[in-house]
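Okay, so here's the structure we're looking at.
The values are calculated or read from the model by the stated rules, or taken from the named source; none is laboratory data. As the structure is a prediction and not an experimental result, all values here were calculated from the model. Please note: Cβ atoms are built from the backbone with ideal geometry, for glycine as well, and neighbour counts cover all protein chains shown. Remember, those area values only see protein heavy atoms, side chains included, never the ligands or the DNA or RNA. Shrake-Rupley method; radii C 1.70, N 1.55, O 1.52, S 1.80 Å.
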Amino acid sequence: MVDVSYYCPRCGAVAELDRDARLADKSVTPFPLEGWSYASASDDYEADEWDGVKLVCGEGDASWSHPPDTERDDAPGCGEPFFLNFVRFEDGEEVSGSPESEHVRLAEGMGPGGPRGPSGPGFSR
Ligand SMILES: [Zn+2]
């Protein structure tokens, strides 16, 4: 198991999830990808039937914290859902997947000074 941090694409709050190192993360999006099925953080999201995890910012079984470099006393999270997408393969080929709505960049694309992207095995760019 590895600890991986995910950033809310809306507010930058950080969720920490334990997950199997064999799972490869594809992206984090504010909308579900077409064809992906999502578990919630309290489900067995590492089971083969799931292609990703739906997180509700600030809620659920993940542990949440404010974006780095912020000092706030209120609870982190904007209450909006976002979606962690695992890499999917069909017939040995990676499925590219397209967001059902607008495409957003990964959190690490937020630029200098922004939150750093997730780290850990499974992330190689
Ligand atoms: Zn948020």
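For the range 1-96, with only Lys/Arg (+1) and Asp/Glu (-1) charged at the beta-carbon, what is the dipole magnitude about the Cα centre, in debye rounded to 20?
In total the dipole reaches around 300 debye.
Tell me the net charge near residue 2. Cut-off is 14 Å between Cβ atoms, residue 2 excluded, with +1 for each Lys or Arg and -1 for each Asp or Glu. Mind dumping the intermediate values first?
On the way: positive: 19, 22; negative: 3, 16, 18, 20, 25, 46.
Every neighbour counted, the sum reads -4.
What does the extension gain come out to for residue 16 and residue 48, with contour length at 0.36 nm per residue minus their alpha carbon separation? Intermediate results must be reported in sequence, preceding the final value.
Details: separation 32, 0.36 × 32 = 11.52 nm, distance 2.10 nm.
Residue separation times 0.36 nm, minus the Cα-Cα distance, leaves 9.4 nm.
Compute the accessible area per residue over the range 2-110, keeping the other protein chains in place, probe 1.4 Å, unit Å².
Values: 5880 Å² over 109 residues.
Spelled out: the 1.4 Å probe surface of the range 2-110, per residue, equals 54 Å².
Within the range 45-79, whose backbone N sits under 19 Å from a point 7 Å along Cα→Cβ of residue 94?
Once the point is set 7 Å along Cα→Cβ of residue 94, 51-53 turn out to lie under 19 Å by backbone N, inside the range 45-79.
Kindly rank 64-71, 4-11, 83-90 from highest to lowest mean number of other beta carbons found within 10 Å of each residue. Don't skip to the answer; put the middle values down first.
On the way: 64-71: 13.1, 4-11: 20.5, 83-90: 17.6.
Most protected by this proxy first, the peptides run 4-11, 83-90, 64-71.
Compute the Rg/Rh shape ratio of the range 2-110: radius of gyration over Kirkwood radius, all on alpha-carbon atoms.
Rg divided by Rh gives 0.96.
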